[in-house]
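First the structure, in the form of structure tokens, and then the observations on it.
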């Protein structure tokens, strides 16, 4: 049963689109709860690229939406227990995601704008684990992970305390954790404290829930990306410019949400929620020092009513979302590594130089929607439509440059969807749908203009897409669960990042003409005796159809940043209270720019590599790795203990977990595209609890 459909829980077999639910800790025991790629593993259509950079969020994409994100998650909606974490401009800072108490993941793998509006190329709803059934329980978790290779030494430590309980109609749970990491790469130190709390109570027939998340990350260093030769010589090294300019970030964030829902009219429901939070960011980059003080919030309401017309069972949902964002943004010249005073950097040594930008960025959105589910026998028709309005406003407070760059833009979209599902039997169904989606630029994307001008970019447009999808899902003989989907997405005005020479890594955006995304997704899972087997395969055939960049036509080129083939698999052998797990992931090559420049290059062997003459550099974006974990549980009255030992990247594969799409450089060989992933690492963990949950 899933709730990510913004409705009372429905079986995935009754829904006419690709939707997946999984329980990460049950599917893959022994997780560290610090890696997004672990929590979102074994989801077909979902690609996670860990940048191994504590200052840059892990990239999460669904059917290619979000694969180009430079900061936070992009193009997809992320929720925690139904509370939106995505901002009204479509960006989600996922550095404050707390994965410790996630018990279930629900994902809509495809266009969901008719339900969620802007930037809903997919939806991820992280649902909390059920709290313990006793009045009060506590649990402690710790793990440490020094690298198994002394040449590549690094250390990570995490300590977590959890609590929870149930008393009558009230349940609660929470955790607070402290993480310290030296990072796999040089200049990748990180310290953070994150927390999560949730409480649910019933007042009569009304369920009231309170959710809170918090993050205090005083330091997260940014090692930057590397050229192919640098990657080949030493993937642990940091970009020299990132180090000299002391690129890093410091973040403090809190978000709270209050919700209420009440069943009505048998299968109906009325629900409402409000939420809000603050975020403070101090972010020295190679090209500037950025400071942001943020306030944001929102509200939502929905009513679902069942009724029968002419023998057809209807369930109509009517709702609306409203969000707002208020950012006070300042940019200063970065004076780190500046040796001689100049107009931008006076009174050296100092980090913040002259002020170059001072503005308030206001974003507001509102989106009413209507949906109806019609059921007749084994047939179910779902139709929905949503109308969104997103308003951007900049109030320029930096007037000493002689101009006022204040202004506003309002972007509109109407997003319909129509789907049909047919139950072939109680355990099998077929479906098909057609739906549209849209995505506005974020405030950062609208504000960064390659010509250096301030204010809002008037030429940058939203991207629009239409998706045609069909699939089958169910449970076949011998308990084989299957999920198969085929889709074709046509996108116009796709938002594409790029850099300019001499821009010090700053990212700008432009619109492509048209792109086409065709793909296939297959998920399989079964148990053979004590062994659980699961696999997920994703085919992403994504191409430009019409993209004229200057005088160069990129039609026919592969959209960069996304592997065409990805396969994941896991096998878990449970022996009594012990388990042994092996999991693997393999990805095909990833193009690094729109021109699909070759990355398998020949050139002078890099200094320090121990090689001379001409070297052939392989493409590090294509890889396959294996992870192993062994653990179990032991009960000694009290406490309950659960040790785990794991090895990541067992065969010490050297590969790039992510790429900086369309980075600028004189030649592909001189461009910093590659973000190295860790080599072989190991960790040891232990959980102790009065009552397991």
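The values are calculated or read from the model by the stated rules, or taken from the named source; none is laboratory data. Note that the coordinates shown come from a computational prediction; the quantities given were computed from them, not determined experimentally. For neighbour counting, all protein chains shown are included, and Cβ atoms are generated from backbone atoms with ideal geometry for every residue, glycine included.
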Exercise. Residues in the range 216-228 that are within 12 Å of residue 617 (Cβ to Cβ) and touching a helix residue (DSSP H, G or I) at 6+ places or on another chain (Cβ under 7 Å): how many?
Worked result: 2
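Could you identify the single residue in 474, 505, 479 that is in contact with a helix residue (DSSP H, G or I) (Cβ under 9 Å, 6 or more places away or on another chain) and at pLDDT 90 or above?
474
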Exercise. Taking residue 98 and the conditions (1) modelled with pLDDT of 95 or more; (2) farther than 15 Å from residue 121 by Cβ, which numbered condition does it fall short on, given that it satisfies the others?
Worked result: (1)
Exercise. For the subset of the range 43-70 comprising residues that are in contact with a helix residue (DSSP H, G or I) (Cβ under 7 Å, 6 or more places away or on another chain) and assigned to a loop (DSSP other than H, G, I, E, B), which member is farthest from residue 24 (Cα to Cα)?
Worked result: 57
Seminar exercise, completed: Inside the range 15-35, the number of residues satisfying the requirement of being buried (at least 20 other Cβ atoms within 10 Å of the Cβ) and assigned to a helix (DSSP H, G or I) is 1
Exercise. Pairs under 6 Å by beta carbon, first residue farther than 17 Å from residue 247 by Cβ in the range 326-344, partner outside any strand (DSSP E or B), six or more apart or different chains?
Worked result: 341/348
Exercise. Just one of 281, 325 is in a strand (DSSP E or B), touching a helix residue (DSSP H, G or I) at 6+ places or on another chain (Cβ under 8 Å) and either at positive phi or modelled with pLDDT of 95 or more (or both); which is it?
Worked result: 325
For this session: Would you check if residue 408 is surrounded by fewer than 16 Cβ atoms within 10 Å (Cβ to Cβ) and either touching a helix residue (DSSP H, G or I) at 6+ places or on another chain (Cβ under 9 Å) or in a strand (DSSP E or B) (or both)?
Result: yes
Exercise. Hey, among the residues in the range 354-372 that are in contact (Cβ under 8 Å) with a residue 24 or more places away in the chain and more than 30 Å from residue 385 (Cα to Cα), which one's surrounded by the most Cβ atoms within 10 Å (Cβ to Cβ)?
Worked result: 359
Problem set entry | Tally of residues being more than 30 Å from residue 676 (Cα to Cα) and in contact (Cβ under 8 Å) with a residue 40 or more places away in the chain across the range 175-203 | 3
For this session: Only residues that are over 26 Å from the mean Cα position of the chain (by Cα) and either at pLDDT below 90 or crowded, with 24+ Cβ neighbours inside 10 Å (or both): list them for the range 432-451, please.
Result: 450, 451
For this session: For the range 288-307, indicate whether the set of residues that are in contact (Cβ under 8 Å) with a residue 40 or more places away in the chain, touching a strand residue (DSSP E or B) at 6+ places or on another chain (Cβ under 7 Å), assigned to a loop (DSSP other than H, G, I, E, B) and within 30 Å of residue 333 (Cα to Cα) is non-empty.
Result: yes
Seminar exercise, completed: Among residues of the range 461-493 being crowded, with 21+ Cβ neighbours inside 10 Å and without any contact (Cβ under 8 Å) to a residue 60 or more places away in the chain, the residue nearest to residue 560 (Cα to Cα) is 491
Seminar exercise, completed: The number of residues in the range 214-231 that are in contact (Cβ under 8 Å) with a residue 60 or more places away in the chain and either surrounded by fewer than 22 Cβ atoms within 10 Å (Cβ to Cβ) or on the phi > 0 side of the Ramachandran plot (or both) is 6
Exercise. Out of all the residues in the range 578-586, is one or more within 25 Å of the chain's Cα centre (by Cα), crowded, with 21+ Cβ neighbours inside 10 Å and either assigned to a loop (DSSP other than H, G, I, E, B) or modelled with pLDDT under 95 (or both)?
Worked result: no
Exercise. Which residue, of 158, 185, is in a strand (DSSP E or B), within 25 Å of the chain's Cα centre (by Cα) and farther than 22 Å from residue 63 by Cβ?
Worked result: 158
Exercise. Going through the range 553-564 one residue at a time, which ones are within 29 Å of residue 657 (Cβ to Cβ) and either without any contact (Cβ under 8 Å) to a residue 60 or more places away in the chain or not in a loop (DSSP other than H, G, I, E, B) (or both)?
Worked result: 554, 556, 557, 558, 564
Exercise. Here are 38, 56: which of them is surrounded by fewer than 22 Cβ atoms within 10 Å (Cβ to Cβ) and within 15 Å of the chain's Cα centre (by Cα)?
Worked result: 38
For this session: Assess whether residue 669 counts as being surrounded by fewer than 17 Cβ atoms within 10 Å (Cβ to Cβ) and either closer than 30 Å to residue 537 by Cα or touching a helix residue (DSSP H, G or I) at 6+ places or on another chain (Cβ under 8 Å) (or both).
Result: no
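Quick check, is residue 69 modelled with pLDDT under 95 and in contact with a strand residue (DSSP E or B) (Cβ under 8 Å, 6 or more places away or on another chain)?
yes
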